[in-house]
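Take a look at the structure below.
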Amino acid sequence: MGKRDDLIARYAEDLKTKCGMTPDMNLLTKVTIGCGPSIYNADSSVVAGSQPAELETVKNNFLIKKLGLEEGPQLMEAINSVLETYGRSERNKYRAVVYYMLTKHFGKESVFG
């Protein structure tokens, strides 16, 4: 297995143990690939849930640009909901896991079709 496969396995484990959901491995793989090289960088591979600027980046670059959603309060509500599910106290909130849960939340799996 390659490094990306190891990371995908780690993300799947987080979804199972920390978020209480059974991951769709095909979608998780596609979302992870969609994150590009950021998954290999210690800083960019995680979402800093306590930093407003980071949450704006997730909203603008992922929800609006990637998923094609309309700007509105529901976007930040969804991000906060996902972070609550992941666990606010969880130090490493992996970007691919957060993006996966947001994709599922908005039913936008087709973007990664």
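The values are calculated or read from the model by the stated rules, or taken from the named source; none is laboratory data. Please read these numbers as outputs of a predicted model, since none were measured by experiment. Cβ placement follows ideal geometry from the backbone for every residue including glycine, while neighbour counts extend to all protein chains displayed. To get the accessible areas, we keep the full protein, side chains included, count just its heavy atoms, and leave off ligands, DNA and RNA. Shrake-Rupley method; radii C 1.70, N 1.55, O 1.52, S 1.80 Å.
Numbers for the structure displayed
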| read-out | value |
| --- | --- |
| Complete set of residues in the stretch 1-25 that are of a type in the set (A, V, I, L, M) and under 21 Å from Glu84 (Cβ atoms) | Ala12, Leu15, Met21 |
| Selection from the stretch 92-113 of residues that are in contact with a strand residue (DSSP E or B) (Cβ under 8 Å, 6 or more places away or on another chain) and surrounded by fewer than 18 Cβ atoms within 10 Å (Cβ to Cβ) | Asn92 |
| Top-ranked residue of the stretch 73-91 - restricted to ones that are outside any helix (DSSP H, G or I) and open to solvent by 60 Å² or more (accessible area, probe 1.4 Å), ranked as farthest from Cys35 (Cα to Cα) | Ser89 |
| Neighbours by Cβ (under 6 Å, 6+ apart or cross-chain): first from the stretch 89-113, of a type outside the set (Val, Ile, Thr); second at pLDDT below 95 and open to solvent by less than 50 Å² (accessible area, probe 1.4 Å) | Lys93/Gly49 |
| Selected residue [part of a helix (DSSP H, G or I), open to solvent by 70 Å² or more (accessible area, probe 1.4 Å) and over 20 Å from Asp6 (Cα atoms)] from Glu56, Glu70 | Glu56 |
| Every residue from the stretch 1-51 that is open to solvent by 80 Å² or more (accessible area, probe 1.4 Å), outside any loop (DSSP other than H, G, I, E, B) and without any contact (Cβ under 8 Å) to a residue 12 or more places away in the chain | Glu13, Lys16, Thr17, Asn26, Pro37 |
